[in-house]
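Structure first, then comments.
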């Protein structure tokens with residue numbers, strides 16, 4: 001079905017998202033910050049989708065920066081951002097093209113539906 005890199009700095013949320021995605025049949029890789037995520041990406045793991053929290057502890061917009069760096073290395077990688085914050089127009093301008101946004105808190109079906117849609121090429125929220 002595909003491999004998803006889940007980046008989340010809250011351990012409970014990370015475990016929950018990973019569990020939901022595994023139960024849905026996806027392979028998962030995890031990271032709790034930008035440095036760990038970039039190490040996973042740089043290791044040439046086959047990653048179809050980056051599912052990242054926008055606000056990571058070490059950087060307020062860490063997920064946005066991560067997605068831009070990841071897309072620079074792997075232009076075909078799909079991206080879903082998650083956040084419980086208000087997303088401003090300025091933040092949206094920084095989203096990678098064709099990405100999607102999943103507001104927190106999300107439920108299992110919301111996450112799996114978002115992943116299915118973006119894997120099929122239909123994003124929830126176009127970046128531009």
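Summary of computed values
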| quantity | calculated |
| --- | --- |
| Residue in the range 50-66 that is at positive phi and modelled with pLDDT of 95 or more present | no |
| Leading residue by the ranking (modelled with the lowest pLDDT) among those in the range 105-124 that are surrounded by 15 or more Cβ atoms within 10 Å (Cβ to Cβ) and not in a helix (DSSP H, G or I) | 124 |
| Test: residue in the range 13-25 that is touching a strand residue (DSSP E or B) at 6+ places or on another chain (Cβ under 7 Å) and within 22 Å of residue 91 (Cα to Cα) | no |
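Per-residue answers, yes or no, for (1) under 11 Å from the mean Cα position of the chain (by Cα); (2) touching a residue at least 40 places away in the same chain (Cβ under 8 Å); (3) in a helix (DSSP H, G or I):
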{"site": "4", "(1), (2), (3)": "yes, yes, no"}
{"site": "9", "(1), (2), (3)": "no, yes, no"}
{"site": "16", "(1), (2), (3)": "no, no, yes"}
{"site": "25", "(1), (2), (3)": "no, no, no"}
{"site": "30", "(1), (2), (3)": "yes, no, no"}
{"site": "35", "(1), (2), (3)": "no, no, yes"}
{"site": "52", "(1), (2), (3)": "yes, yes, no"}
{"site": "65", "(1), (2), (3)": "no, no, yes"}
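The values are calculated or read from the model by the stated rules, or taken from the named source; none is laboratory data. As the structure is a computational prediction, the values presented were derived from the model and not from experiment. Heads up, the Cβs are rebuilt from the backbone with ideal geometry, glycines too, and the neighbour counts pull from every protein chain shown.
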